[in-house]
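Asker: Submitted below is the structure of interest, expressed as C-alpha coordinates.
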Amino acid sequence: METLPAELVLNISHFLNPADRWRLSACNRRYRYLLPVWLRIKLHSPSSQSSLKPHFYVSRADDPDRPLLAEDEALDRRCSPLTYHTEYLLWTFDYERQNRVYLGRHGQKLLYQEDPHYLYTLGLRPKDPNQTWKIVQKKLGIDADSSGEISEDDNVYFGKAVCLTVGGENPKPFRPDSSTRLFLSAHTLSMGALWYVIHEKEWCIDEDLQIIRSSDYAAALEEKRNPSTLDMARSIDSSEHNGSIAERDVVIHAIPSIIDGGYSLYSPENLKDGDAKCALHHAAIPCHFWVQDGILIFHASVSLQFKFGVPILEEDHIDVKQGQTEPLEVLIRKNSSRWWAIKHYFSAAADAEDGRAFHMDSFLRNSKDHEDHTVVYNKKEKMVLIVVKDAVVNKAFPDVPWRQSDVWKFLMCG
(Lines give C-alpha, C1' and ligand atoms only; values in the text may rest on other atoms or scores of the structure.)
Protein backbone atom coordinates (compact mmCIF):
# COMPACT_ATOMS: atom_id res chain seq x y z
CA MET A 1 0.00 0.00 0.00
CA GLU A 2 2.78 2.44 0.91
CA THR A 3 4.46 1.96 -2.46
CA LEU A 4 1.44 2.92 -4.57
CA PRO A 5 2.07 6.04 -6.69
CA ALA A 6 0.46 9.19 -5.30
CA GLU A 7 -1.43 9.79 -8.55
CA LEU A 8 -3.04 6.34 -8.30
CA VAL A 9 -4.06 6.91 -4.68
CA LEU A 10 -5.68 10.23 -5.60
CA ASN A 11 -7.53 8.67 -8.54
CA ILE A 12 -8.85 5.87 -6.30
CA SER A 13 -10.05 8.40 -3.72
CA HIS A 14 -12.40 10.00 -6.27
CA PHE A 15 -14.47 6.80 -6.34
CA LEU A 16 -14.76 6.49 -2.54
CA ASN A 17 -17.55 7.76 -0.33
CA PRO A 18 -16.47 10.08 2.55
CA ALA A 19 -16.32 7.27 5.13
CA ASP A 20 -14.13 5.02 2.97
CA ARG A 21 -11.96 7.97 2.01
CA TRP A 22 -11.39 8.72 5.70
CA ARG A 23 -10.49 5.07 6.38
CA LEU A 24 -7.96 5.11 3.54
CA SER A 25 -6.54 8.40 4.82
CA ALA A 26 -6.07 6.87 8.28
CA CYS A 27 -3.92 4.00 6.97
CA ASN A 28 -0.62 5.86 7.36
CA ARG A 29 0.95 9.32 7.46
CA ARG A 30 1.60 9.39 3.74
CA TYR A 31 -2.07 8.83 2.94
CA ARG A 32 -3.09 11.37 5.56
CA TYR A 33 -0.93 13.90 3.71
CA LEU A 34 -2.33 12.89 0.31
CA LEU A 35 -5.97 12.75 1.53
CA PRO A 36 -6.40 15.42 4.20
CA VAL A 37 -9.55 15.36 6.34
CA TRP A 38 -12.57 17.28 5.04
CA LEU A 39 -14.16 19.90 7.27
CA ARG A 40 -17.54 18.92 8.78
CA ILE A 41 -19.85 21.30 10.62
CA LYS A 42 -23.07 21.30 12.63
CA LEU A 43 -25.72 24.05 12.51
CA HIS A 44 -27.01 24.93 15.98
CA SER A 45 -29.70 27.31 17.28
CA PRO A 46 -28.98 28.63 20.81
CA SER A 47 -32.47 30.12 21.20
CA SER A 48 -34.30 26.85 20.55
CA GLN A 49 -31.49 24.61 21.84
CA SER A 50 -31.70 22.46 18.72
CA SER A 51 -29.41 21.45 15.89
CA LEU A 52 -29.88 20.01 12.44
CA LYS A 53 -29.08 16.30 12.71
CA PRO A 54 -26.75 15.91 9.69
CA HIS A 55 -23.07 16.78 9.84
CA PHE A 56 -22.41 18.88 6.75
CA TYR A 57 -19.44 19.02 4.43
CA VAL A 58 -18.81 22.42 2.85
CA SER A 59 -17.76 23.27 -0.71
CA ARG A 60 -17.44 26.63 -2.39
CA ALA A 61 -20.19 27.05 -4.99
CA ASP A 62 -17.60 27.96 -7.61
CA ASP A 63 -15.58 24.79 -6.84
CA PRO A 64 -18.20 22.20 -5.83
CA ASP A 65 -15.96 19.14 -6.25
CA ARG A 66 -13.41 20.34 -3.68
CA PRO A 67 -14.68 20.22 -0.08
CA LEU A 68 -13.07 22.57 2.41
CA LEU A 69 -10.39 20.88 4.48
CA ALA A 70 -10.24 20.72 8.26
CA GLU A 71 -6.56 21.59 7.93
CA ASP A 72 -7.47 24.85 6.17
CA GLU A 73 -8.24 26.24 9.62
CA ALA A 74 -6.04 28.92 11.16
CA LEU A 75 -3.85 28.33 14.21
CA ASP A 76 -6.67 29.76 16.32
CA ARG A 77 -9.09 26.81 16.46
CA ARG A 78 -12.01 29.22 16.81
CA CYS A 79 -11.31 30.56 13.33
CA SER A 80 -12.84 28.51 10.52
CA PRO A 81 -11.90 28.37 6.82
CA LEU A 82 -15.33 29.89 6.11
CA THR A 83 -15.72 33.55 5.15
CA TYR A 84 -18.69 35.91 5.19
CA HIS A 85 -20.74 36.49 2.01
CA THR A 86 -19.09 33.63 0.12
CA GLU A 87 -21.48 31.23 -1.60
CA TYR A 88 -21.20 27.69 -0.28
CA LEU A 89 -22.85 24.32 -0.79
CA LEU A 90 -23.77 22.41 2.37
CA TRP A 91 -23.97 18.70 1.73
CA THR A 92 -23.79 15.28 3.28
CA PHE A 93 -23.66 11.78 1.83
CA ASP A 94 -26.54 9.38 1.27
CA TYR A 95 -24.88 6.03 1.95
CA GLU A 96 -28.00 4.10 0.95
CA ARG A 97 -27.97 5.50 -2.60
CA GLN A 98 -24.27 6.38 -2.73
CA ASN A 99 -24.50 10.04 -3.76
CA ARG A 100 -24.22 13.52 -2.31
CA VAL A 101 -27.33 15.30 -1.01
CA TYR A 102 -27.45 19.11 -0.70
CA LEU A 103 -29.23 21.23 1.91
CA GLY A 104 -31.79 23.70 0.55
CA ARG A 105 -35.32 24.98 0.97
CA HIS A 106 -37.97 22.61 -0.28
CA GLY A 107 -41.69 22.72 0.58
CA GLN A 108 -43.53 26.00 1.01
CA LYS A 109 -46.53 27.34 2.90
CA LEU A 110 -48.32 30.60 2.08
CA LEU A 111 -48.51 32.82 5.16
CA TYR A 112 -49.99 36.05 3.78
CA GLN A 113 -52.15 36.51 0.68
CA GLU A 114 -51.93 40.28 0.00
CA ASP A 115 -48.15 40.58 -0.01
CA PRO A 116 -47.10 36.98 -0.81
CA HIS A 117 -45.12 35.74 2.16
CA TYR A 118 -43.97 32.13 2.35
CA LEU A 119 -42.43 29.79 4.87
CA TYR A 120 -40.12 27.19 3.30
CA THR A 121 -39.14 23.90 4.87
CA LEU A 122 -35.68 22.37 4.59
CA GLY A 123 -34.77 19.33 2.56
CA LEU A 124 -31.77 17.47 1.17
CA ARG A 125 -31.71 17.48 -2.63
CA PRO A 126 -30.01 14.47 -4.27
CA LYS A 127 -27.07 14.71 -6.65
CA ASP A 128 -27.47 18.16 -8.23
CA PRO A 129 -27.22 21.32 -6.07
CA ASN A 130 -29.61 24.13 -6.98
CA GLN A 131 -29.21 26.48 -3.99
CA THR A 132 -26.24 28.15 -2.28
CA TRP A 133 -25.67 29.38 1.28
CA LYS A 134 -24.05 32.57 2.58
CA ILE A 135 -22.93 33.42 6.12
CA VAL A 136 -23.86 36.93 7.23
CA GLN A 137 -22.84 39.01 10.23
CA LYS A 138 -25.43 40.52 12.52
CA LYS A 139 -27.24 43.60 11.18
CA LEU A 140 -27.24 47.21 12.35
CA GLY A 141 -23.56 47.08 13.28
CA ILE A 142 -24.32 44.92 16.30
CA ASP A 143 -21.95 41.98 16.27
CA ALA A 144 -22.96 38.62 17.67
CA ASP A 145 -19.69 38.23 19.57
CA SER A 146 -20.03 38.43 23.34
CA SER A 147 -17.40 41.18 23.36
CA GLY A 148 -19.72 43.43 21.36
CA GLU A 149 -16.93 44.21 18.89
CA ILE A 150 -17.57 44.09 15.15
CA SER A 151 -15.35 41.62 13.33
CA GLU A 152 -12.69 43.39 11.26
CA ASP A 153 -11.98 40.45 8.94
CA ASP A 154 -14.07 38.18 6.76
CA ASN A 155 -13.33 35.01 8.70
CA VAL A 156 -16.18 33.19 10.39
CA TYR A 157 -15.46 31.99 13.94
CA PHE A 158 -16.82 28.74 15.27
CA GLY A 159 -19.44 29.25 17.98
CA LYS A 160 -20.09 32.88 17.06
CA ALA A 161 -23.72 33.86 16.38
CA VAL A 162 -24.22 34.38 12.67
CA CYS A 163 -27.04 34.28 10.13
CA LEU A 164 -27.32 32.00 7.11
CA THR A 165 -29.14 32.90 3.92
CA VAL A 166 -30.05 30.62 1.05
CA GLY A 167 -30.97 31.34 -2.56
CA GLY A 168 -31.24 29.48 -5.85
CA GLU A 169 -30.94 30.25 -9.54
CA ASN A 170 -34.62 30.41 -10.55
CA PRO A 171 -35.44 34.04 -11.48
CA LYS A 172 -39.12 33.48 -10.67
CA PRO A 173 -40.06 34.63 -7.15
CA PHE A 174 -41.89 32.46 -4.62
CA ARG A 175 -40.28 29.23 -5.81
CA PRO A 176 -38.22 27.05 -3.44
CA ASP A 177 -35.19 27.52 -5.73
CA SER A 178 -35.82 31.20 -6.56
CA SER A 179 -32.90 33.64 -6.56
CA THR A 180 -34.43 35.58 -3.64
CA ARG A 181 -32.19 35.01 -0.61
CA LEU A 182 -34.01 34.19 2.62
CA PHE A 183 -32.99 33.59 6.25
CA LEU A 184 -32.55 30.20 7.92
CA SER A 185 -34.50 30.28 11.16
CA ALA A 186 -35.24 27.96 14.10
CA HIS A 187 -38.42 28.65 16.05
CA THR A 188 -39.00 27.21 19.52
CA LEU A 189 -42.05 24.98 19.85
CA SER A 190 -43.48 23.06 22.78
CA MET A 191 -42.47 19.79 21.10
CA GLY A 192 -38.99 20.94 20.01
CA ALA A 193 -38.08 23.35 17.23
CA LEU A 194 -39.13 24.06 13.66
CA TRP A 195 -36.28 24.83 11.28
CA TYR A 196 -37.41 26.73 8.20
CA VAL A 197 -36.48 29.47 5.75
CA ILE A 198 -38.36 32.77 5.76
CA HIS A 199 -38.07 36.44 4.80
CA GLU A 200 -37.57 38.62 7.87
CA LYS A 201 -37.23 42.41 7.70
CA GLU A 202 -35.80 42.54 11.20
CA TRP A 203 -33.18 40.17 12.53
CA CYS A 204 -34.61 38.35 15.54
CA ILE A 205 -33.38 35.70 17.95
CA ASP A 206 -34.65 32.83 15.77
CA GLU A 207 -32.07 33.74 13.10
CA ASP A 208 -29.12 33.71 15.54
CA LEU A 209 -27.31 30.49 14.68
CA GLN A 210 -23.94 28.94 15.47
CA ILE A 211 -21.61 26.96 13.23
CA ILE A 212 -19.89 24.24 15.27
CA ARG A 213 -16.99 22.08 14.14
CA SER A 214 -18.28 18.49 14.14
CA SER A 215 -15.26 17.22 16.03
CA ASP A 216 -16.12 19.65 18.85
CA TYR A 217 -19.85 18.98 18.87
CA ALA A 218 -19.88 15.91 21.14
CA ALA A 219 -17.46 17.57 23.56
CA ALA A 220 -19.62 20.70 23.59
CA LEU A 221 -22.71 18.66 24.48
CA GLU A 222 -20.82 17.02 27.33
CA GLU A 223 -19.65 20.45 28.47
CA LYS A 224 -23.26 21.60 28.68
CA ARG A 225 -23.95 18.81 31.14
CA ASN A 226 -20.72 19.20 33.11
CA PRO A 227 -19.24 22.72 32.64
CA SER A 228 -15.48 22.90 33.09
CA THR A 229 -12.86 24.89 31.23
CA LEU A 230 -13.92 24.32 27.61
CA ASP A 231 -13.92 27.57 25.65
CA MET A 232 -17.64 28.15 25.15
CA ALA A 233 -16.93 30.87 22.57
CA ARG A 234 -16.28 28.07 20.10
CA SER A 235 -18.84 25.58 21.39
CA ILE A 236 -22.57 25.48 21.93
CA ASP A 237 -24.02 28.49 23.71
CA SER A 238 -25.05 27.21 27.14
CA SER A 239 -26.64 30.38 28.49
CA GLU A 240 -30.15 30.13 29.91
CA HIS A 241 -30.48 26.45 28.95
CA ASN A 242 -29.70 23.32 30.90
CA GLY A 243 -31.70 20.79 28.87
CA SER A 244 -30.59 18.45 26.17
CA ILE A 245 -30.06 19.42 22.56
CA ALA A 246 -32.84 18.40 20.17
CA GLU A 247 -31.67 17.28 16.73
CA ARG A 248 -33.96 17.85 13.77
CA ASP A 249 -33.69 15.34 10.97
CA VAL A 250 -33.69 16.56 7.36
CA VAL A 251 -35.46 14.41 4.77
CA ILE A 252 -33.76 13.45 1.51
CA HIS A 253 -36.32 14.65 -0.99
CA ALA A 254 -36.81 13.25 -4.43
CA ILE A 255 -36.62 15.88 -7.15
CA PRO A 256 -40.20 16.52 -8.33
CA SER A 257 -41.07 16.19 -11.99
CA ILE A 258 -43.65 18.97 -11.53
CA ILE A 259 -43.81 21.63 -8.81
CA ASP A 260 -46.37 24.37 -8.31
CA GLY A 261 -46.12 25.96 -4.88
CA GLY A 262 -47.07 23.33 -2.32
CA TYR A 263 -48.08 20.81 -5.02
CA SER A 264 -45.55 18.39 -6.51
CA LEU A 265 -45.68 15.31 -8.71
CA TYR A 266 -42.93 12.67 -8.47
CA SER A 267 -42.13 10.07 -11.10
CA PRO A 268 -41.18 6.49 -10.20
CA GLU A 269 -37.66 7.17 -11.48
CA ASN A 270 -37.20 10.25 -9.28
CA LEU A 271 -38.56 8.45 -6.22
CA LYS A 272 -35.55 6.15 -6.37
CA ASP A 273 -33.40 9.09 -5.21
CA GLY A 274 -35.47 10.23 -2.22
CA ASP A 275 -38.88 10.61 -0.59
CA ALA A 276 -41.98 12.66 -1.36
CA LYS A 277 -42.38 14.31 2.04
CA CYS A 278 -42.64 17.72 3.71
CA ALA A 279 -41.82 18.91 7.24
CA LEU A 280 -45.21 20.66 7.37
CA HIS A 281 -48.59 18.93 7.39
CA HIS A 282 -48.77 17.10 4.08
CA ALA A 283 -50.33 14.30 2.10
CA ALA A 284 -48.45 12.10 -0.38
CA ILE A 285 -50.92 10.26 -2.60
CA PRO A 286 -49.64 7.25 -4.59
CA CYS A 287 -51.14 7.01 -8.06
CA HIS A 288 -50.76 5.68 -11.58
CA PHE A 289 -50.36 8.19 -14.39
CA TRP A 290 -50.53 7.33 -18.08
CA VAL A 291 -51.56 8.83 -21.44
CA GLN A 292 -54.09 7.36 -23.86
CA ASP A 293 -55.56 8.94 -27.02
CA GLY A 294 -54.53 12.45 -25.97
CA ILE A 295 -55.93 12.08 -22.43
CA LEU A 296 -53.83 12.38 -19.26
CA ILE A 297 -55.22 9.76 -16.89
CA PHE A 298 -54.66 9.67 -13.12
CA HIS A 299 -55.79 6.98 -10.73
CA ALA A 300 -55.27 7.26 -6.98
CA SER A 301 -56.46 3.67 -6.60
CA VAL A 302 -55.65 3.39 -2.87
CA SER A 303 -58.17 6.13 -2.04
CA LEU A 304 -60.62 6.42 -4.96
CA GLN A 305 -62.27 3.82 -7.17
CA PHE A 306 -62.42 5.99 -10.29
CA LYS A 307 -59.89 7.48 -12.69
CA PHE A 308 -59.59 11.15 -13.66
CA GLY A 309 -59.01 12.15 -17.30
CA VAL A 310 -57.64 15.49 -18.51
CA PRO A 311 -57.48 16.23 -22.26
CA ILE A 312 -54.41 17.56 -24.05
CA LEU A 313 -55.72 20.17 -26.48
CA GLU A 314 -54.26 21.27 -29.80
CA GLU A 315 -54.42 24.86 -28.55
CA ASP A 316 -51.92 23.93 -25.81
CA HIS A 317 -49.16 23.75 -28.46
CA ILE A 318 -47.27 21.04 -26.60
CA ASP A 319 -43.96 19.71 -27.86
CA VAL A 320 -44.55 15.97 -28.07
CA LYS A 321 -40.82 15.31 -27.68
CA GLN A 322 -40.67 16.73 -24.15
CA GLY A 323 -42.19 13.76 -22.35
CA GLN A 324 -45.14 12.73 -20.25
CA THR A 325 -45.17 15.67 -17.81
CA GLU A 326 -44.78 18.47 -20.39
CA PRO A 327 -48.59 18.92 -20.73
CA LEU A 328 -48.80 19.55 -16.98
CA GLU A 329 -46.06 22.20 -17.22
CA VAL A 330 -48.09 23.94 -19.92
CA LEU A 331 -51.27 23.82 -17.81
CA ILE A 332 -49.44 25.39 -14.88
CA ARG A 333 -47.97 28.16 -17.04
CA LYS A 334 -51.42 28.88 -18.50
CA ASN A 335 -53.00 28.79 -15.04
CA SER A 336 -55.48 26.40 -16.62
CA SER A 337 -58.61 25.24 -14.83
CA ARG A 338 -57.62 21.71 -15.89
CA TRP A 339 -54.61 21.87 -13.55
CA TRP A 340 -56.87 23.14 -10.75
CA ALA A 341 -59.16 20.15 -11.37
CA ILE A 342 -56.22 17.74 -11.05
CA LYS A 343 -55.34 19.26 -7.69
CA HIS A 344 -59.00 18.93 -6.67
CA TYR A 345 -58.94 15.23 -7.57
CA PHE A 346 -55.92 14.58 -5.36
CA SER A 347 -57.35 16.68 -2.53
CA ALA A 348 -60.40 14.42 -2.63
CA ALA A 349 -58.09 11.38 -2.59
CA ALA A 350 -56.27 12.77 0.48
CA ASP A 351 -59.59 13.36 2.27
CA ALA A 352 -60.71 9.82 1.47
CA GLU A 353 -57.40 8.43 2.69
CA ASP A 354 -57.92 10.26 5.99
CA GLY A 355 -61.28 8.52 6.38
CA ARG A 356 -63.56 11.39 5.33
CA ALA A 357 -66.73 10.42 3.47
CA PHE A 358 -66.58 10.82 -0.31
CA HIS A 359 -69.64 11.98 -2.28
CA MET A 360 -69.44 11.76 -6.07
CA ASP A 361 -72.14 14.39 -6.65
CA SER A 362 -70.24 16.93 -4.58
CA PHE A 363 -66.97 16.05 -6.31
CA LEU A 364 -68.48 16.47 -9.79
CA ARG A 365 -70.11 19.76 -8.85
CA ASN A 366 -66.82 21.21 -7.54
CA SER A 367 -64.76 19.78 -10.42
CA LYS A 368 -66.76 21.68 -13.05
CA ASP A 369 -66.92 24.95 -11.14
CA HIS A 370 -65.33 26.76 -14.11
CA GLU A 371 -66.74 28.40 -17.22
CA ASP A 372 -64.19 26.90 -19.60
CA HIS A 373 -64.83 23.21 -18.95
CA THR A 374 -67.32 20.67 -17.70
CA VAL A 375 -66.99 17.07 -16.49
CA VAL A 376 -68.56 13.78 -17.51
CA TYR A 377 -68.71 10.67 -15.32
CA ASN A 378 -68.51 7.42 -17.27
CA LYS A 379 -69.75 4.76 -14.84
CA LYS A 380 -68.85 1.90 -17.17
CA GLU A 381 -65.21 3.04 -17.50
CA LYS A 382 -65.18 4.36 -13.91
CA MET A 383 -63.62 7.60 -15.08
CA VAL A 384 -64.41 11.29 -14.65
CA LEU A 385 -63.37 13.14 -17.82
CA ILE A 386 -62.91 16.87 -18.31
CA VAL A 387 -64.58 18.16 -21.47
CA VAL A 388 -63.63 21.54 -22.98
CA LYS A 389 -66.28 22.95 -25.31
CA ASP A 390 -65.25 23.66 -28.94
CA ALA A 391 -61.73 22.34 -28.29
CA VAL A 392 -59.90 19.61 -30.23
CA VAL A 393 -58.07 16.88 -28.33
CA ASN A 394 -54.47 16.42 -29.47
CA LYS A 395 -54.42 12.69 -30.17
CA ALA A 396 -51.01 13.00 -31.80
CA PHE A 397 -49.42 13.10 -28.34
CA PRO A 398 -47.69 9.73 -27.83
CA ASP A 399 -49.43 7.18 -25.64
CA VAL A 400 -47.74 6.19 -22.38
CA PRO A 401 -49.00 2.76 -21.28
CA TRP A 402 -50.28 1.94 -17.80
CA ARG A 403 -47.85 -0.17 -15.78
CA GLN A 404 -48.61 -1.71 -12.40
CA SER A 405 -45.06 -1.12 -11.17
CA ASP A 406 -44.93 2.58 -12.17
CA VAL A 407 -46.25 4.27 -9.04
CA TRP A 408 -46.12 8.09 -9.00
CA LYS A 409 -46.74 10.31 -5.96
CA PHE A 410 -48.66 13.59 -5.75
CA LEU A 411 -47.52 15.68 -2.75
CA MET A 412 -49.61 18.41 -1.16
CA CYS A 413 -47.63 20.35 1.45
CA GLY A 414 -48.81 22.95 3.97
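The values are calculated or read from the model by the stated rules, or taken from the named source; none is laboratory data. Bear in mind the structure is a predicted one, so any value in this text is a computation, not a measurement. Ideal geometry is used to build each Cβ from the backbone, glycine not excepted, and the neighbour counts take in all protein chains shown. To get the accessible areas, we keep the full protein, side chains included, count just its heavy atoms, and leave off ligands, DNA and RNA. Shrake-Rupley method; radii C 1.70, N 1.55, O 1.52, S 1.80 Å.
Asker: Restricting the search to region 116-137, which residues are farther than 22 Å from Met412 by Cα and either open to solvent by 40 Å² or more (accessible area, probe 1.4 Å) or of a type in the set (Val, Ile, Thr) (or both)?
Answerer: Lys127, Asp128, Pro129, Thr132, Lys134, Ile135, Val136, Gln137
Asker: Same structure, new question: Which residue, of Ser405, Ser367, Ser336, is out of contact with any strand residue (DSSP E or B) (no Cβ under 6 Å at 6 or more places or on another chain) and either of a type outside the set (Ser, Thr, Tyr) or farther than 23 Å from Pro268 by Cα (or both)?
Answerer: Going through Ser405, Ser367, Ser336 in turn, the sole match is Ser336.
Asker: Would you confirm whether or not region 224-241 contains a residue that is outside any helix (DSSP H, G or I), at pLDDT 80 or above and out of contact with any helix residue (DSSP H, G or I) (no Cβ under 7 Å at 6 or more places or on another chain)?
Answerer: no
Asker: Can you name the number of the only condition in (1) surrounded by fewer than 12 Cβ atoms within 10 Å (Cβ to Cβ); (2) within 25 Å of Tyr120 (Cα to Cα); (3) touching a Leu at 6+ places or on another chain (Cβ under 8 Å) that Leu328 fails?
Answerer: Of the numbered conditions (1) surrounded by fewer than 12 Cβ atoms within 10 Å (Cβ to Cβ); (2) within 25 Å of Tyr120 (Cα to Cα); (3) touching a Leu at 6+ places or on another chain (Cβ under 8 Å), the odd one out for Leu328 is (1).
Asker: Checking the condition open to solvent by less than 70 Å² (accessible area, probe 1.4 Å), out of contact with any helix residue (DSSP H, G or I) (no Cβ under 7 Å at 6 or more places or on another chain), β-branched (Val, Ile, Thr) and over 20 Å from Ile258 (Cβ atoms), which residue from Val375, Val400, Val387 passes?
Answerer: Answer to the check: Val387.
Asker: Moving on. Examine region 340-362 for a residue that is out of contact with any strand residue (DSSP E or B) (no Cβ under 7 Å at 6 or more places or on another chain), touching a residue at least 40 places away in the same chain (Cβ under 8 Å) and under 20 Å from Gln292 (Cβ atoms), and state whether such a residue exists.
Answerer: no
Asker: Only one of Phe410, Phe358 is open to solvent by 40 Å² or more (accessible area, probe 1.4 Å) and either outside any loop (DSSP other than H, G, I, E, B) or in contact with a Leu (Cβ under 8 Å, 6 or more places away or on another chain) (or both); which?
Answerer: Phe358
Asker: May I ask you to list the residues in region 272-299 that are open to solvent by less than 40 Å² (accessible area, probe 1.4 Å) and within 14 Å of the chain's Cα centre (by Cα)?
Answerer: Asp273, Gly274, Ala276, Cys278, Leu280
Asker: Every residue in region 378-407 that is assigned to a loop (DSSP other than H, G, I, E, B) and among the β-branched types (Val, Ile, Thr), please.
Answerer: Val388, Val392, Val407
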